[in-house]
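Here is the structure we will look at, set down as structure tokens.
Laboratory data are not the source of any read-out in this text; all were calculated from the coordinates shown. Please read these numbers as outputs of a predicted model, since none were measured by experiment. Cβ sites come from the backbone with ideal geometry, for glycine too, and all protein chains shown count toward neighbours.
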Amino acid sequence: MEFKKSQELYNKGLVNLVGAVNSPVRAFASVGGNPLFIKKAKGSKITDVDNNSYIDLVLSYGPMILGHRHKKVEKAIRKALKKGYSFGASTKGEIKLAKIVCDAFLGMDKVRFVNSGTEAVLSGIRLARAYTGKDKIIKFAGCYHGHQDALLVAAGSGLATLSLPGSKGVPEGAVKNTLIANYNDLESVKAHFEAHDDIAGVILEPVAGNMGVVTPQDGFLKELKEYVNSKGALLIIDEVMTGFRSKFGGAQELFDVEADITCLGKVIGGGFPVGAYGASNEIMETVAPLGGMYQAGTLSGNPIAMAAGISTLTELKKQNPYEKFNEIAQIIEVFLLESAKKHGVEITVNRFGSMINPFFTDVTVTNFKEAQTSDTKKYATFFWEMTKNGVFLPPSQFEAWFLSSALTENDIQKIANAIDKSMEAVS
Ligand code: PLP
């Protein structure tokens, strides 16, 4: 397999783009080698500029849940394009997408659309502070909530990939109200509440996908919600990754827990830049123009993005692929475990719905510290062998592999074969 044209574009890209990328994980920093440049994608496959075709388990880090260029989504986008791209005024599409989203999440009466998951979370945090009149926020080590200053501490995703404890350029003052707890450890949350009486809220990924996949232990989310509310604080569930991905009503539907504030992104834009935050009427009345919490956006509720979101969610509801996702993830888990055993490689596989990934460790992974025991050099070897065998994986141990409903039986067999060859290379 040749990567000549990707290599050429990478060298050209270095001139005017930082690291030739527009988001750090795309730089392949932790797996070595140069990033792939993509030419096109369709269904379950993605093709690079050297015409290598891969089964795509990155899916743009989650949004492309129906696979690439689903025909109904594409039709809706083309139709919307003919009417204009952006108006700076309200459209019917915003109301339609808002209803689909609010109907899916039990505790959500109103939603506000923004342009990214980062914006959704930073607005959600501001809302929790505005509503409670308190300042401090608890986040969990290894959870990633976008690149806003206040939450770039002990974060997963790109920071974990690059082994950064936080980001340069974030002033001390911006993180002085951020407290860190351990995932799946309610006691670590309680300790903060015992020490501080000005905690506005606790934010978490209900299933963490930014330290690799880490699932909440039995009862953790429900007990957390009960405890946080008993202290007069809000539970902010960041479903940017899990919303509509693990179940139509997100992880909240699966775990039967209701957020006070929900943050969304990725799937709700069908591949276009959309984020959202939503809550009950009472909480959302804090937001301008009804209340005094300001948040705005020139392109928020963009009509093309709304059309992509509406058509994606409508098709997703119709397909209801969630049971099938579980089955495929289970099959991949078995392939991984059997192949690892055959080649004498220690792995732990975590999965949840359409999110899965192997850690190269013999430790059970329930939090960030345990995730960090994974041998990232082994992941790098595994990653490149999978690439050479036609499967596109996230170039980082600390990201989830995603499944799309476009995957075929043939794709799954190819993934199995690639896993076996790659595990042999790791051994
Ligand atoms: N929250 C979670 C859970 C995410 O996974 C991400 C991105 O990966 C974000 C927030 C930030 O979203 P965006 O990259 O769209 O700003």
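Kindly give the semi-axes, whole Å and largest first, of the ellipsoid equivalent to region 122-194, taking each as the square root of 5 times a Cα gyration tensor eigenvalue.
Ellipsoid half-lengths, sorted descending, are 20, 16, 11 Å.
Can you list residues from other chains, or at least 5 along the same chain, whose modelled amide H is less than 5 Å from the amide H of Gly107?
Those qualifying (amide H under 5 Å, at least 5 residues apart or on another chain) are Ala259.
With a 10 Å Cβ neighbour count serving as the proxy for reagent exposure, in which order, fewest first, do Val240, Val114 appear?
The most exposed by this proxy come first: Val114, Val240.
Pulled fully out, how much extra length does the chain show between Leu290 and Asn410, if you take 0.36 nm times their separation in residues and subtract their Cα-Cα distance? Write out the running numbers ahead of the final one.
Working: separation 120, 0.36 × 120 = 43.20 nm, distance 5.27 nm.
Stretched out fully, the Leu290 to Asn410 stretch lengthens by 37.9 nm.
What number, rounded to the nearest 500 deg cm²/dmol, is the helix-based mean residue ellipticity at 222 nm of the chain, given -39500 (n - 2.57) per DSSP H run of at least four residues and division by all its residues?
After summing the helix terms and dividing by residue count, I get -11500 deg cm²/dmol.
With 10 angstrom as the radius, rank Trp384, Trp401 by how many other C-beta atoms surround their C-beta, starting from the fewest. Before the final figure, lay out the partial values.
Details: Trp384 18, Trp401 24.
So the ranking, lowest neighbour count to highest, is Trp384, Trp401.
On average, how much area does the Cα convex hull of region 329-412 cover when viewed from any direction, in nm²?
5.5 nm²
Across region 49-157, what fraction of all alpha-carbon pairs, as a whole percent, falls in each successive 5 Å bin from zero upward?
Using 5 Å bins, I get a P(r) of 2, 8, 11, 16, 19, 17, 13, 9, 5, 1, 0, 0 for region 49-157.
Kirkwood Rh over alpha-carbon pairs of region 1-96, then Stokes-Einstein at 10 °C and 1.306 mPa s: what D in µm² s⁻¹, rounded to an integer?
Value of D from the Cα-based Kirkwood radius: 100 µm²/s.
Which value results for Rg/Rh of region 278-393 when Rg is the Cα radius of gyration and Rh the Kirkwood radius based on the inverse mean 1/r? Provide the component values of the computation, followed by the final result.
Working: Rg = 21.2 Å, Rh = 18.4 Å.
My calculation of the ratio gives 1.15.
Give the distance, in whole Å, between the Cα centre of region 100-116 and the Cα centre of region 1-57.
34 Å
Farthest toward the dipole's positive end in region 253-375, which of Gly265, Val334, Ala308, given Cβ charges of +1 (Lys, Arg) and -1 (Asp, Glu) about the Cα centre?
Comparing the listed Cα positions along the dipole, Ala308 ranks first.
So which residue, out of Ser246, Ser23, Ser53, gets the largest mean-square fluctuation from a GNM of the chain using Cα contacts under 10 Å as springs?
Of Ser246, Ser23, Ser53, the Gaussian network model singles out Ser23 as fluctuating most.
Please list, short to long, the whole-number percent of alpha-carbon pairs of the chain in consecutive 20 angstrom bins beginning at zero.
Going out from 0 Å in 20 Å bins, the chain shows 27, 59, 14, 0 percent.
For the chain, with a Gaussian network of springs between Cα atoms less than 10 Å apart, report the residue from Gly142, Gly13, Gly158 with the top mean-square fluctuation.
For the chain, modelled as a Gaussian network with Cα springs under 10 Å, the answer is Gly13.
Cβ neighbours within 10 Å, averaged per peptide: list 207-218, 174-185 in order, most packed at the top.
Highest-to-lowest ranking by the protection proxy: 207-218, 174-185.
Provide Rg and Dmax in Å for region 78-219, with only Cα atoms included in the calculation.
Here Rg and the maximum Cα pair distance are 17.7, 57 Å.
Exactly which chymotrypsin sites (Phe, Trp or Tyr not before Pro) in region 1-110 are in a DSSP loop and have at most 12 other Cβ atoms within 10 Å?
Tyr85, Phe87
So for Glu226, Glu253, fewest C-beta neighbours within 10 Å to most, what's the order?
Glu226, Glu253
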